[in-house]
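Engineer: Have a look at this one.
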Amino acid sequence: MRQIRLDATEWKTRNDFYGAFFSAVGAPSWHGRNFDALNDSIGTGQINEVEVPYGIVIANSAAAKGEAQAIIHEFANLIRRLAEGGCPVQIVVRP
């Protein structure tokens, strides 16, 4: 399974997360920065250049600041819900 690696060391805002993830999956510039849009682009597909199946590894999550901490947790929950629904995606969050 393809691995998408994200480093949260410098993340402070939700936009830091979105910028890193969108860059890693080749999201179009018009991609929405919300979980409804992420659910569609990951779960339904045909939006990003990199499509599932893939695993996501978020490294250095403990170094993330402020609202970036919250979005890591929320994103991990979204990915787990997608996986439980049969979407071929996984996530590992490393401190």
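Engineer: If the Cβ limit is 6 Å and pairs must be 6+ apart or interchain, which residue in region 60-83 that is on the phi > 0 side of the Ramachandran plot pairs with which residue that is of a type in the set (S, T, N, Q)?
Structural biologist: Cβ pairs passing all conditions: Asn60/Thr9.
Quick grid of which residues meet (1) of a type in the set (Val, Ile, Thr); (2) under 14 Å from Ile56 (Cα atoms); (3) without any contact (Cβ under 8 Å) to a residue 12 or more places away in the chain:
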{"residue": "Arg5", "(1), (2), (3)": "no, yes, no"}
{"residue": "Tyr18", "(1), (2), (3)": "no, yes, no"}
{"residue": "Val25", "(1), (2), (3)": "yes, yes, no"}
{"residue": "Phe35", "(1), (2), (3)": "no, no, no"}
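Engineer: A further question follows. Which one of Gly43, Gly32 is assigned to a helix (DSSP H, G or I) and small (Gly, Ala, Ser)?
Structural biologist: Answer to the check: Gly43.
Engineer: Now for a different question. Can we say Ile47 is β-branched (Val, Ile, Thr), touching a strand residue (DSSP E or B) at 6+ places or on another chain (Cβ under 6 Å) and modelled with pLDDT of 95 or more?
Structural biologist: No, not satisfied.
Engineer: Please work out if Gln69 is part of a helix (DSSP H, G or I), of a type outside the set (Lys, Arg) and out of contact with any helix residue (DSSP H, G or I) (no Cβ under 6 Å at 6 or more places or on another chain).
Structural biologist: Spelling it out, Gln69 is indeed part of a helix (DSSP H, G or I), of a type outside the set (Lys, Arg) and out of contact with any helix residue (DSSP H, G or I) (no Cβ under 6 Å at 6 or more places or on another chain).
Engineer: Also, I was wondering about something else. Only one residue in Val89, Val52, Val93 is among the β-branched types (Val, Ile, Thr) and touching a Cys at 6+ places or on another chain (Cβ under 7 Å). Which one?
Structural biologist: Val52
Engineer: Select from region 46-64 the residues that are exposed (fewer than 13 other Cβ atoms within 10 Å of the Cβ) and assigned to a loop (DSSP other than H, G, I, E, B) and list them in ascending order.
Structural biologist: Across region 46-64, the qualifying residues are Gln46, Glu49, Val50, Pro53.
Engineer: For Ala20, state whether it is at pLDDT 95 or above, assigned to a loop (DSSP other than H, G, I, E, B) and touching an Asp or Glu at 6+ places or on another chain (Cβ under 9 Å).
Structural biologist: no
The values are calculated or read from the model by the stated rules, or taken from the named source; none is laboratory data. Bear in mind the structure is a predicted one, so any value in this text is a computation, not a measurement. When we count neighbours, we look across all protein chains shown, and the Cβ atoms used for this are built from the backbone with ideal geometry, even at glycine.
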